[in-house]
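The values are calculated or read from the model by the stated rules, or taken from the named source; none is laboratory data. Please read all numbers here as calculations on a predicted model, not as lab measurements. Quick reminder, even Gly has a Cβ in these numbers, built from the backbone with ideal geometry, and neighbours come from all protein chains shown.
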Amino acid sequence: MPYLKALACSVVAFTLGVGALFMGYVLPSIQAGKAGLPELLALALVPGLVVGLFAKRSAKPWPLWLIIGAFLIVLVAVTAAHEALVSWRIANGLLK
């Protein structure tokens, strides 16, 4: 059950991201339009899987507010790491 709650957070984040993507609000490293969907999907699913794993392995059941809070923290961390990595690759000529 914790995986379902965490993956529901991923679905909500992906839906909001797709809406923002098609409205023109995107992260600098994500391509506009349909080309950015796989990257956006990965950025939304990784935090859900990580939080779901931690919640499942916990001795006590996690309340919904804790799953959502942990998801948001991991989402921000993963997104910041992704942006930093893409910026580093561009600066070193590894990515156009």
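A few comments on the model shown:
- Extreme residue, nearest to Leu27 (Cα to Cα), among residues of the stretch 43-64 that are more than 15 Å from the chain's Cα centre (by Cα) and crowded, with 18+ Cβ neighbours inside 10 Å: Ala55
- In the stretch 32-41, the count of residues that are touching a residue at least 60 places away in the same chain (Cβ under 8 Å), assigned to a helix (DSSP H, G or I) and either more than 14 Å from Leu75 (Cβ to Cβ) or touching a helix residue (DSSP H, G or I) at 6+ places or on another chain (Cβ under 7 Å) (or both) is zero.
- The lone exception for Cys9 - which of (1) at pLDDT below 85; (2) surrounded by 13 or more Cβ atoms within 10 Å (Cβ to Cβ); (3) touching a helix residue (DSSP H, G or I) at 6+ places or on another chain (Cβ under 8 Å) it fails: (1)
- Single residue of the stretch 50-96 satisfying the filter (more than 15 Å from Tyr3 (Cα to Cα) and among the basic types (Lys, Arg)) that is modelled with the lowest pLDDT: Lys96
- Residue that is surrounded by the most Cβ atoms within 10 Å (Cβ to Cβ), among those in the stretch 12-30 that are without any contact (Cβ under 8 Å) to a residue 12 or more places away in the chain and of a type outside the set (A, V, I, L, M): Phe22
- Evaluation of Ala81 against the conditions (1) closer than 28 Å to Phe22 by Cβ; (2) crowded, with 18+ Cβ neighbours inside 10 Å shows that the sole unmet condition is (2).
- Any chance Phe22 is on the phi < 0 side of the Ramachandran plot and at pLDDT 90 or above: no
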